[in-house]
Amino acid sequence: MYSTIVIGAGQAGLSAAYHLAKRGVDFLVLDANPGPGGAWQNRWDSLTLGATHHIHPLPGFPLEHQDSTRPASGVVKEYYGEYERRFALPVRHSAMVTSVQRVEDHFEVHADQLYTARTLINATGTWTNPFWPVYPGHFDGLQVHTNGFASPAQFDGKRVLVVGAGASATQFIVQLREAGVDTLWSTRRAPDWREFTGAEWGLEVERQVNERTRAGLPPKSVVGTTGLALTEKMRASIASGALVSRGKIARLESDAVVFADGSREKIDAILWATGFRHAHRHLRDLKLHTESGGILMDDDGVSATAMPGIFFVGYGASASTLGATRAGRKAALAASKFLTSVAV
């Protein structure tokens, strides 16, 4: 019987583990991946540190000398691996959690074997749960989601429809165009370009996300809250016509797409940059989700209102690397406090 089990060894899970260890809590981290790196180890090689959003350092161990030209997947894998070793964190890899049940005063966690714990910190993120939208019609060509993207070479000689209004969609288009790949862009709504300035902007984004999770609503997509960063590179791509959306898809055909304005374009492939949903399927037996599809959270942003003893990191406002690090500390503190209260 562990005091706490952490599910997931990405940014949020490792941050929680660090703070649990500092407080002397008896815990174990279960991670589905074969080795350190979290979801980052699955990212494409062309996604360098220079092309990513800032990778916030884990607590107690700064990420120094970041080489902007190296693939982020390799850098983060090394960094997380060293982090696990440096702080002797009890992380068990290749241990995918398939289900969790509440049994009296503890949780039963089913993975490579059965584990039990008095509290649970869920840090599974979204990478394993890609969202594939459904449209009328059927397309017979190559279809790839963000988590299946390897390099522009996948699309050599093809005309590619990129679908999605997030940062990944715009980055894919820029990268594909630079590799000589012809692209079209589809978004449900007009792209929401913004210039990110001032600390107040970040606080307002966090406030909006927390407002939804406290109401039991599912978090919006990242871009739905933040908008798209209007950098100089993006400005140039807009001016060239590469980042001009053709609007919504009306239907798909075997070798073409028809847009809502009635125009039809021949295509050879679709790159679905349509985002992810939180990977919570293993928690379905706990019945935490509201009718709206979200998980009702307490004011601390990490405690599930419906079930004392379970905490969420990397969910809602803590979905960013900075937010995940902060939430890891909050969840460790909340779990430690809960364990103390039930022991009295």
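The values are calculated or read from the model by the stated rules, or taken from the named source; none is laboratory data. Bear in mind the structure is a predicted one, so any value in this text is a computation, not a measurement. All Cβ positions, even for glycine, are placed from backbone atoms using ideal geometry, and neighbour counts span all protein chains on display.
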**OP:** Answer with yes or no whether Ile295 is β-branched (Val, Ile, Thr) and at pLDDT below 90.
**Re:** yes
Subject >> Filtered residues of the stretch 141-161 (kept if of a type in the set (A, V, I, L, M), at pLDDT 95 or above and within 22 Å of Trp40 (Cα to Cα)) >> reply: Val144
Original post:
What are the residues in the stretch 97-122 that are without any contact (Cβ under 8 Å) to a residue 40 or more places away in the chain and either exposed (fewer than 12 other Cβ atoms within 10 Å of the Cβ) or on the phi > 0 side of the Ramachandran plot (or both), if any?
Top reply: Val103, Glu104, Gln113, Leu114
Subject >> Hits in the stretch 239-281 - residues which are surrounded by fewer than 17 Cβ atoms within 10 Å (Cβ to Cβ) and over 29 Å from Gly137 (Cβ atoms) >> reply: Ala239, Ser240
**OP:** Could you tell me which residue of the stretch 57-78 is modelled with the lowest pLDDT, considering only residues that are closer than 16 Å to Ala17 by Cβ and part of a loop (DSSP other than H, G, I, E, B)?
**Re:** Pro57
**OP:** Among the numbered conditions (1) farther than 30 Å from Ser303 by Cβ; (2) within 24 Å of the chain's Cα centre (by Cα); (3) surrounded by fewer than 18 Cβ atoms within 10 Å (Cβ to Cβ), tell me where Phe149 comes up short.
**Re:** (3)
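Which residue, of Ala17, Ala21, is of a type in the set (Gly, Ala, Ser), modelled with pLDDT of 95 or more, assigned by TED's automatic domain parsing to the domain that holds Arg118 and surrounded by fewer than 24 Cβ atoms within 10 Å (Cβ to Cβ)?
After applying the criteria, what remains is Ala21.
Looking at Arg235, Arg326, which one is in a helix (DSSP H, G or I) and over 30 Å from Pro152 (Cα atoms)? Don't jump to the end; show me each part of the working.
Values: Arg235 fails: over 30 Å from Pro152 (Cα atoms).
That would be Arg326, the only listed residue that is in a helix (DSSP H, G or I) and over 30 Å from Pro152 (Cα atoms).
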Subject >> Number of the exception - Leu339 against (1) outside the structural domain of Ala153 (by TED's automatic domain parsing); (2) in a loop (DSSP other than H, G, I, E, B); (3) aliphatic (A, V, I, L, M) >> reply: (2)
**OP:** Could you tell me whether any residue of the stretch 147-158 is assigned to a loop (DSSP other than H, G, I, E, B), among the acidic types (Asp, Glu) and out of contact with any strand residue (DSSP E or B) (no Cβ under 9 Å at 6 or more places or on another chain)?
**Re:** yes
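Being more than 17 Å from Trp132 (Cβ to Cβ) and of a type outside the set (D, E, K, R) is the filter here; which residues of the stretch 251-266 pass it? Outline the logic, then answer.
Of the stretch 251-266, the ones more than 17 Å from Trp132 (Cβ to Cβ) are 253-256, 258-266.
Passing the criteria: Ser254, Ala256, Val258, Phe259, Ala260, Gly262, Ser263.
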**OP:** Using the structure shown, decide if Gly125 is at positive phi and touching a Gly at 6+ places or on another chain (Cβ under 9 Å).
**Re:** yes
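Residue by residue through the stretch 167-186, note down the ones that are part of a loop (DSSP other than H, G, I, E, B) and crowded, with 21+ Cβ neighbours inside 10 Å. Talk me through it step by step, then tell me what you get.
So in the stretch 167-186, the residues part of a loop (DSSP other than H, G, I, E, B) come out as 179-181.
Result: Val181, single match.
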